[in-house]
Amino acid sequence: MTKTKIAVFASGTGSNFESIANEIKAGTMDCEISMLVCDNPEAKVIAKATTFEIPTFVFNPKGYTNKELYETEIVEVLEQAEVEWIVLAGYMRLIGPTLLTEYNGRILNIHPSLLPAFPGKDAIGQALDAGVKVSGVTIHYVDEGMDTGEIIAQESLVLEDGEDRESLQERIQQMEHRLYPIVLQEVVQSFVNKEGKDIQ
Ligand code: GRF
């Protein structure tokens, strides 16, 4: 059976990238990561991709006059690699019309809060500042907004009394690492069953 080709987009540590790559290596998913796209030449995720022998496209947005220019280049690279799905995992940029048009309905993101609460940067800090008793993780489709696309899956956790940032972050990340590969597999598989593979 042919594997669905995905590209993971990340800007930083890449622990979610790693968890997906590990699941794929373990044979639990019908996907392969054909490309890591990274907008930060200093990001730790790049070395992780090299370890897994996954090709990378690393760019510096400051080298382009606008988003359309670098997204056009990304689309070219992804099409060359026959990428079908885009999986955002800590990619710190809004996706623009160029990528959204090309990958309409086939872009996922993971966010460390129960959306629509606490979209955008530092969701964990926002939740702690608000004094919530429950938080969690959301996986959603990506649209032009900031963490506003249709929700696919959520998992919640109850905060412990006086829980600090380090502990909450750790628990949320563990949840992300377990949940993202499972949901990604389900979404891609149901798409393949519904549409067939011939989508390019
Ligand atoms: C994750 O918490 C994810 O929810 C958010 O960015 C973080 C990325 O972490 N969008 P990592 O780079 O995967 O370790």
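Filtered by the rule that a residue be among the hydroxyl-bearing types (Ser, Thr, Tyr) and crowded, with 20+ Cβ neighbours inside 10 Å, the stretch 1-56 gives Thr4, Ser34. Checked against (1) closer than 17 Å to Val87 by Cβ; (2) in contact with a Gly (Cβ under 9 Å, 6 or more places away or on another chain), Glu144 meets all criteria but (1).
Of the residues contained in the stretch 156-169, one or more are found to be surrounded by 13 or more Cβ atoms within 10 Å (Cβ to Cβ), hydrophobic (A, V, I, L, M, F, W, C) and not in a helix (DSSP H, G or I). Put simply, of Ala123, Ala89, Ala153 the only residue that is within 14 Å of the ligand (Cβ to nearest atom), buried (at least 20 other Cβ atoms within 10 Å of the Cβ) and more than 23 Å from Met35 (Cα to Cα) is Ala123.
Every read-out reported here was derived from the displayed coordinates using simple, explicitly stated rules and does not represent laboratory data. Quantities reported herein were computed from a predicted structural model and do not represent experimental measurements. Using ideal geometry, Cβ is built from the backbone for each residue, glycine included, and neighbour counts are taken over all protein chains shown.
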